[in-house]
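Heads up: the structure comes next, in structure tokens.
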Amino acid sequence: MVIFITGWYIHTMDKRERARVFRNRLLDAINRAGSTQSALARKTGVDRSTISQLLRDDAARLPNAHVVGACAEALGVSADWLLGLAEHPENATDLLASALTLTNAPRALVDQQIFDWHREAEGYKIRHVPAALPDMLKTNAVLNWEYGPHLGRTAAQAITASAIRLAWMRRSASDYEMAMPLYELHSFVDGTGYYAGLPEALRLQQIDHWLDLTTALYPRMRLYLFDARQLFSAPITVFGPLLSVIYVGRNYLAFRDTQRVRAFSDHFDHLVREARITARELPDHLSDLRKTVA
């Protein structure tokens, strides 16, 4: 009897059971590859009679490591999977390539790739830490002010993309949680830092717009504010259990493996638990900040 570990569970498997698993998975791999026993024999340099014997229902013995490795390489699967030691047929290189991807990121955060990821995750909770104030919550006037000086995506494109995302969120079955640092909102209200030069009238109009949205979309959209002196977060989005994405400026790093998606979800949940201003408190906080603008 052989003992091996997969995930959190310890399984026992005797040699006959492992031989059965190998036989079934080898046949499955041949069918998936659209191959035949004869073609596999040619690719591996193994006699066809040996391949046939491995696939017999009464076969109780496992081949040697060389034959297992040759079959795995010829069929594009991992030897561990053939032997029942792994749950996925892909080899380690292919698993890593599918688990982590690098994607171009346009100037506007509301771009087609992000929107496609949102639609893929529809129905799941989406957690988002924006790089700045979220585009889809901005007024057209603020988007014009912000995107006017930039090359690449125009203000008109940003306005259209933001409207599309907001409309999607209104009708989607997904819950949408956002967390961002307090100073980002306060800098906007004060017209300092990134928002220096933004006219007071536009800031007041934007605050009123936020008040409307946070009231109309609550509780399906919830925005939390955390203290950046105590917590830090890079810009991230977690699309349910499907994937997590880090925004690094010109690119997105997208992770699809369960362990990393869970880690990013836990990180976001920590931001929410430690938030200085909760989603329920946000409208009152915005109202208080509005009084300070004039």
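The values are calculated or read from the model by the stated rules, or taken from the named source; none is laboratory data. As the structure is a prediction and not an experimental result, all values here were calculated from the model. Neighbour counts are summed over all protein chains in view; Cβ atoms, including those assigned to glycine, are modelled from backbone coordinates with ideal geometry.
What the table below lists for this structure:
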| quantity | calculated |
| --- | --- |
| Complete set of residues in region 212-225 that are surrounded by fewer than 16 Cβ atoms within 10 Å (Cβ to Cβ) and assigned to a helix (DSSP H, G or I) | D212, T215, A216 |
| Residue in region 4-11 that is in contact with a His (Cβ under 7 Å, 6 or more places away or on another chain) and modelled with pLDDT under 85 present | yes |
| Qualifying positions in region 270-282 - buried (at least 17 other Cβ atoms within 10 Å of the Cβ) and part of a helix (DSSP H, G or I) | L271, L282 |
| Matching residues in region 175-198 - criterion: being over 17 Å from L137 (Cβ atoms) and charged (D, E, K, R) | D190 |
| Options A228, A201; residue that is of a type in the set (A, V, I, L, M, F, W, C) and in a loop (DSSP other than H, G, I, E, B) | A228 |
| Residues satisfying the stated conditions in region 231-250, i.e. assigned to a loop (DSSP other than H, G, I, E, B) and of a type outside the set (S, T, Y) | L231, F232, A234, P235, G240, P241, L242, V248, G249, R250 |
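This table checks each residue for (1) more than 21 Å from Y224 (Cα to Cα); (2) within 27 Å of the chain's Cα centre (by Cα).
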residue	(1), (2)
Q157	yes, yes
A163	yes, yes
S187	no, no
E200	yes, no
L204	no, no
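Yes/no matrix, rows are residues, columns are (1) more than 25 Å from Y147 (Cα to Cα); (2) in contact with a Lys or Arg (Cβ under 7 Å, 6 or more places away or on another chain):
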site: S174; (1), (2): yes, yes
site: A179; (1), (2): no, no
site: G197; (1), (2): no, no
site: Q206; (1), (2): no, yes
site: W210; (1), (2): no, no
site: P219; (1), (2): yes, no
site: L231; (1), (2): yes, no
site: S244; (1), (2): yes, yes
